[in-house]
Amino acid sequence: MIFHHPYKKIFVTALLTGCFFIVACENTEQQIKDLTSRRIGVEEGKDISINYSVGGKTKATLTAPVMLRYQDTVPYTEFPKKIHADFYDINLTIESKLDALYGRYMETESKIFLRDSVRLFNNKGDTLYCNELYWDRNRIGREFYTDKPVRIRTKTHIINGTGMEAPQDFSGWNIYNPRGTLKVPASDFPQ
């Protein structure tokens, strides 16, 4: 092959070099999936345990198998597999326990959203069952609340309703729309 014009040599060289780079830059499907599945701005923790304290006194201990902290415009922390919390009184005795399959902590609001098989227990043996529940540390005396259906099982009653609020120790509660039959002793009625 004889080149009479110097631009033809440059063109052919550039064409061959370009073809080489196109062939050399090939990724497998798995490599492409690995590159695109990486999360940007996400911190991941496994088998975590977090102690929440106020004024140097432990108020709660939270455990979860997986924690994802998202560095978004509004940062939040997600517990996608399961979440458990123990809440303590002033003597560091557990006063209530909480379990859920999913939790999300909204940092700017100091609020936790819980969903899927939510259960809250107290020392008296009372248990709250619901599908969605919030814990808000700014709602002193009524930290737990929901507007969804709830079921509370005590040693003597099963109470159903929609909407509820309760203190962190789950020592009492207010159900907004109760349903079902409740046995009330005659001594509780005014005379």
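Scanning region 163-189 for residues being outside any loop (DSSP other than H, G, I, E, B) and charged (D, E, K, R) gives a total of 3. Please verify whether region 41-57 includes one or more residues that are in contact with a Phe, Trp or Tyr (Cβ under 9 Å, 6 or more places away or on another chain) and at pLDDT below 85. Within region 41-57, one or more residues are in contact with a Phe, Trp or Tyr (Cβ under 9 Å, 6 or more places away or on another chain) and at pLDDT below 85. Does residue 113 fit the bill of being among the aromatic types (Phe, Trp, Tyr), closer than 19 Å to residue 173 by Cα, in contact with a Lys or Arg (Cβ under 7 Å, 6 or more places away or on another chain) and free of Cβ contacts under 8 Å to residues at least 24 places away in the same chain? For residue 113, the condition - among the aromatic types (Phe, Trp, Tyr), closer than 19 Å to residue 173 by Cα, in contact with a Lys or Arg (Cβ under 7 Å, 6 or more places away or on another chain) and free of Cβ contacts under 8 Å to residues at least 24 places away in the same chain - is met. I'd like to know if region 89-97 contains one or more residues that are surrounded by 10 or more Cβ atoms within 10 Å (Cβ to Cβ), at pLDDT below 90 and either assigned to a strand (DSSP E or B) or of a type in the set (Val, Ile, Thr) (or both). Among the residues of region 89-97, not one is surrounded by 10 or more Cβ atoms within 10 Å (Cβ to Cβ), at pLDDT below 90 and either assigned to a strand (DSSP E or B) or of a type in the set (Val, Ile, Thr) (or both), which makes the answer no.
For region 107-135, a residue qualifies if it is of a type in the set (D, E, K, R) and part of a loop (DSSP other than H, G, I, E, B), and the qualifying residues are 107, 109, 124, 126. Residues in region 38-68 that are among the charged types (D, E, K, R) and surrounded by 14 or more Cβ atoms within 10 Å (Cβ to Cβ): 59 alone. Can you find a residue in region 69-79 that is closer than 24 Å to residue 169 by Cβ, exposed (fewer than 15 other Cβ atoms within 10 Å of the Cβ), β-branched (Val, Ile, Thr) and assigned by TED's automatic domain parsing to the domain that holds residue 129? No, region 69-79 has no match at all.
The values are calculated or read from the model by the stated rules, or taken from the named source; none is laboratory data. Keep in mind the model is a prediction, meaning the values are calculated, not measured. Don't worry about glycine lacking a Cβ; one is built from the backbone with ideal geometry, like all the others, and counts go over all protein chains shown.
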